[in-house]
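Readers should treat all values here as calculations from the given coordinates under stated rules, not as data from a laboratory. These figures come from a predicted structure and were not determined experimentally. All Cβ positions, even for glycine, are placed from backbone atoms using ideal geometry, and neighbour counts span all protein chains on display.
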Amino acid sequence: MFSALKERLSRNGKRLSEAIKGEAVLDENRLDELLFDLELALIESDVALEVVDAVKADVKAALLGRSFGRGADLSAIVKQALRDSVKKVFVDGDLLEIIREGKRPFVIVFVGVNGTGKTTTIAKVARLLEREGFSTVIAAADTYRAGAIEQIEKHASNLGVRLIKQGRGADSAAVAFDAIEHARARGLDVVLIDTAGRMDTNVNLMDELKKVVRVSRPDLVLFVGDALSGNAVVEQVRTFHQYTPIDGAIITKADADAKGGSAISIAATLKRPVFFLGTGQGYDDLQRFNGSWFVDQILPL
């Protein structure tokens, strides 16, 4: 994972440390010139432009006007400046701990565009929660896409998790409401609500999502984003956030993502935790995520 970003940051960090070797004091123009390669490396790795600007500003602030003694480890100084800047992007959170401390039933709505692997991700989360001792029920509230109910029903059957459903074309909010009432009546811990994957430009479906959220009154709304979608994911996050507050994210297809910039872009745009990475098609292919771990992957000490 993230091999391209790791390689580019390593290469540019070495170039920067080599370039500043021998400089008496780094002035602003010289530093801007040296940071141009870093800017390109981040952009090419799908890091959002505003994040690129923030990282550059942080590194610049760490180096501007400094003089480096003959024995200074310039490579370590540059790497630490990069590590500190990238780590600032992330807000860490533990989904399991949030659920443990929350009310019952704890309600989570999953949102995202078509094709991100949202339904499979819900199954993975259900698997994790059941293994951690939580009882769960899934609401098949994607009543729009052909085959969606059958898909989530198959997952629920494989996992031995109860599914609440109606027919295709049914009121999604009613399905979500029924699942919550089912959980409340049977003392279940967590309700996982699937919603129709929708393009962020589909106003009718986005309005339907608002209704689902209004009726279900979720404790968390999680955005499921595709690591391979590049900078398009930034606009997706912003649009969904306009229709319903997003409380965190899960990034899918991370195992196929060499660039790594989408994780940074989603975290920076949301200013909320990225809880998990999807790393495969199996139910156990869900990896907990935090900013320190990510920084260690792309900028190892």
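The figures follow:
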| read-out | value |
| --- | --- |
| DSSP bridge pairs, the chain: antiparallel proportion in percent, nearest 5 | 10 percent |
| The chain, helix-only ellipticity at 222 nm - DSSP H runs n ≥ 4, -39,500 (n - 2.57), divided by all residues, nearest 500 | -16500 deg cm²/dmol |
| Neighbour-limited loop hits for trypsin sites (Lys or Arg not before Pro), the stretch 197-282 (at most 16 other Cβ within 10 Å; DSSP other than H, G, I, E, B) | Lys271 |
